[in-house]
Structure formats: C-alpha cells, structure tokens
Amino acid sequence: MLVVVAVVVIDLINHPVEIREQDLYNAQEFVGLIMLIGIGLVGFVIYFVPTLIAAIRKHGNLAAIMVINLFIGWTLLGWVGAFVWAVINVPEERHA
C-alpha cells in the first residue's frame, strides 16, 4: 500500500496536473451551490421548529400551530408566537 502511494506521489511530482482557470471557476460555482442548498435546508428546518416541536410533543393544536408557522412565521412575532404555543404545557385530559 505504501509503495502505491509513493509511486502516485512521485508521478504527480514528475507530471503535475494542469489546473485551468475555468476549472477553478466551475469548482467555486459548485461549492457555492452546495453551500446555498445547505444554508437553505438549515433555514427551512429552523423556520419549522415550532411545528416540529408541536408534532414531537403531540400537541393538541398541532394543525393551528402549523398554519400560523406556515403563513405568518416569516414575521418574528408569528414565529415566536407559534414557538411559545408549541412549548407551553398542554393540560392532560381527565379520564372518568
């Protein structure tokens, strides 16, 4: 294994790879696209944190929290309102 690595390194030293400016530009575009997609996914998850919390907690008002989060969550007030509603304790139903 070590011999194969040594041969590859020696070959790269003797025959360096030519990197064209266009290749660098394409690589930068690709990295930028991957970063944009990653940031978008993280933002999407953060945006729906109140809905996710309500779903995990099996909140009785999940549908209402989801609607508020979806339609007015883009305002800070709507997002905070949905978040607070999702984390407040829901009284348990008493069984007779």
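The values are calculated or read from the model by the stated rules, or taken from the named source; none is laboratory data. All figures in this text were calculated on a predicted structure; none of them were measured in a lab. Backbone-built Cβ (ideal geometry, glycine too); neighbour counts: all protein chains shown.
Only residues that are under 33 Å from the mean Cα position of the chain (by Cα) and of a type in the set (Asp, Glu) were counted across the stretch 1-26, and they come to 2. Scanning the stretch 12-52 for residues that are surrounded by fewer than 10 Cβ atoms within 10 Å (Cβ to Cβ) and at pLDDT below 80 returns Ile13, Asn14, His15, Pro16, Val17, Glu18, Ile19, Arg20, Glu21, Gln22.
Scanning the stretch 28-52 for residues being assigned to a helix (DSSP H, G or I) and within 30 Å of Asn89 (Cβ to Cβ) gives a total of 10. Looking across the stretch 53-71, the residues that are over 18 Å from the mean Cα position of the chain (by Cα), part of a helix (DSSP H, G or I) and either surrounded by 14 or more Cβ atoms within 10 Å (Cβ to Cβ) or on the phi > 0 side of the Ramachandran plot (or both) come down to Ala54, Ala55, Leu62, Ile65, Met66, Val67, Ile68.
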